[in-house]
Amino acid sequence: NNIDKALKVAEIIIKSNFDYKFTNQRIDLPTYIKQYLDIIAISRNNINIKVQNIITKYILMNPIDIDIIIDNLISNSVKAKAKNILVNFRINNNNKLEIIYADDGIGVPEKLVKNPIAIFELGVRVSEEKGSGIGMYDVRKRLESIKGNIEFAGNNTILKGATFKITI
């Protein structure tokens, strides 16, 4: 299992053309996410990942950030017992990229549905599974660093689990 993890890290570094001096790159984000999810789907054969409406939208960012964001979302989906993940792309009225991420897990607990901003606070754990409460906080901070955001769009909106909307 450690070999698999090492290979995945190597793949991420190679794929993102990792350079310590200049890590922000202009990338076609929907295409990059689709390719990254294809790699993840190979290593996580217990979950079905479907990507729809791949459009072209270039964003200046560090590809490692999007890898970490996607990894956190998928990790939470697995903890929520999801078997299916759906990722959809669209351009909103402000010409921003919207990424809709939905799963068919158990969803966000009712106490957080009533206060969805708390999902992204440090130390808040969404599932009963093991976790530090750092993941979604980190996702929000990484998105804010590129003038993006994430919001909880609801349970049972697209699939039966949680749905999140990322805007960049």
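What's the total number of residues in segment 70-85 that are open to solvent by 30 Å² or more (accessible area, probe 1.4 Å) and of a type in the set (A, V, I, L, M, F, W, C)?
1
How about segment 86-106: which of its residues are over 14 Å from the mean Cα position of the chain (by Cα) and open to solvent by 10 Å² or more (accessible area, probe 1.4 Å)?
Hits for segment 86-106 are Arg90, Ile91, Asn92, Asn93, Asn94, Asn95, Lys96, Asp104, Ile106.
Would you pick out the residues in segment 147-168 that are open to solvent by less than 50 Å² (accessible area, probe 1.4 Å) and among the basic types (Lys, Arg)?
Residue satisfying the conditions is Lys165 alone.
Could you tell me whether any residue of segment 120-130 is open to solvent by less than 50 Å² (accessible area, probe 1.4 Å), in a loop (DSSP other than H, G, I, E, B) and in contact with a Leu (Cβ under 8 Å, 6 or more places away or on another chain)?
Among the residues of segment 120-130, at least one is open to solvent by less than 50 Å² (accessible area, probe 1.4 Å), in a loop (DSSP other than H, G, I, E, B) and in contact with a Leu (Cβ under 8 Å, 6 or more places away or on another chain), which makes the answer yes.
Given the condition open to solvent by 30 Å² or more (accessible area, probe 1.4 Å), hydroxyl-bearing (Ser, Thr, Tyr) and assigned to a strand (DSSP E or B), answer yes or no: does some residue in segment 50-69 qualify?
Checking segment 50-69: at least one residue is open to solvent by 30 Å² or more (accessible area, probe 1.4 Å), hydroxyl-bearing (Ser, Thr, Tyr) and assigned to a strand (DSSP E or B).
Just the residues that are among the charged types (D, E, K, R), open to solvent by 40 Å² or more (accessible area, probe 1.4 Å) and either within 15 Å of Ile68 (Cβ to Cβ) or touching a strand residue (DSSP E or B) at 6+ places or on another chain (Cβ under 7 Å) (or both), please, taken from segment 21-49.
Arg26, Lys34
The values are calculated or read from the model by the stated rules, or taken from the named source; none is laboratory data. Computed from a predicted structure; not experimentally measured. All Cβ positions, even for glycine, are placed from backbone atoms using ideal geometry, and neighbour counts span all protein chains on display. These accessible areas exclude ligands, DNA and RNA; they are computed on the full protein's heavy atoms, side chains included. Shrake-Rupley method; radii C 1.70, N 1.55, O 1.52, S 1.80 Å.
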